[in-house]
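The values are calculated or read from the model by the stated rules, or taken from the named source; none is laboratory data. This one's a predicted model, so the numbers in the text were calculated from it and none came from an experiment. Cβ placement follows ideal geometry from the backbone for every residue including glycine, while neighbour counts extend to all protein chains displayed.
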Amino acid sequence: MTAPEAIVQAQVEAYNAQDIDAFLACYHPDCEFVPWNGEEELRGLAAFREAYSQLWRRSPRLQARILQRMVVGRHVIDLEHLLHHVDGPRDPIAVVYETEGACIRRVHVISHQD
């Protein structure tokens, strides 16, 4: 497993465990969440902590299942299916993780609605 793939996999495992500290440990201090559909961006660990803590409070059984994964250099592209989302069944999403060193620097999400 490449270093970019290993950090993304650790992030997925922390997401599924809803372990906010382990989750944030995978991210660069200046991390960014950039949805391609114009939704609100997140910048920095404090914003990630608030958004994901809130999401997990609303969806305590939320899980991400990786349907496919591709690694291209420092980028990891996952096709993810979110299970047990509070808003009901979700279509799979494409998530592009851009790594920098041993951290995830930027996340782009492409959903069916885009």
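Let me spell it out: the conditions are (1) in contact with a Leu (Cβ under 7 Å, 6 or more places away or on another chain); (2) in a helix (DSSP H, G or I), and Arg65 meets all of them except one. Which number is the exception? Answer for Arg65: the failing condition is (2).
Would you check if Ile20 is closer than 25 Å to Gly88 by Cβ and either among the basic types (Lys, Arg) or touching a His at 6+ places or on another chain (Cβ under 9 Å) (or both)? No, not satisfied.
Among all positions in the range 70-80, there is at least one residue which is modelled with pLDDT of 95 or more, surrounded by 15 or more Cβ atoms within 10 Å (Cβ to Cβ) and acidic (Asp, Glu).
Being touching a residue at least 24 places away in the same chain (Cβ under 8 Å), among the basic types (Lys, Arg) and within 19 Å of Ala10 (Cβ to Cβ) narrows it down to one of Arg58, Arg65, Arg69, so name that one. Exactly one of Arg58, Arg65, Arg69 is touching a residue at least 24 places away in the same chain (Cβ under 8 Å), among the basic types (Lys, Arg) and within 19 Å of Ala10 (Cβ to Cβ), namely Arg69.
Looking only at the range 42-62, residues that are basic (Lys, Arg) and assigned to a helix (DSSP H, G or I) come to 3 in all. Scan the range 83-102 and report the pairs whose first residue is on the phi > 0 side of the Ramachandran plot and surrounded by 12 or more Cβ atoms within 10 Å (Cβ to Cβ) and whose second residue is aliphatic (A, V, I, L, M) and modelled with pLDDT of 90 or more, with Cβ atoms within less than 8 Å and a gap of 6+ or a chain change. Between residues of the range 83-102 that are on the phi > 0 side of the Ramachandran plot and surrounded by 12 or more Cβ atoms within 10 Å (Cβ to Cβ) and residues that are aliphatic (A, V, I, L, M) and modelled with pLDDT of 90 or more, the close pairs are His84/Leu62.
Against the conditions (1) touching a strand residue (DSSP E or B) at 6+ places or on another chain (Cβ under 9 Å); (2) under 14 Å from Leu24 (Cα atoms); (3) without any contact (Cβ under 8 Å) to a residue 60 or more places away in the chain; (4) among the polar types (S, T, N, Q), Ser53 satisfies every one except (1).
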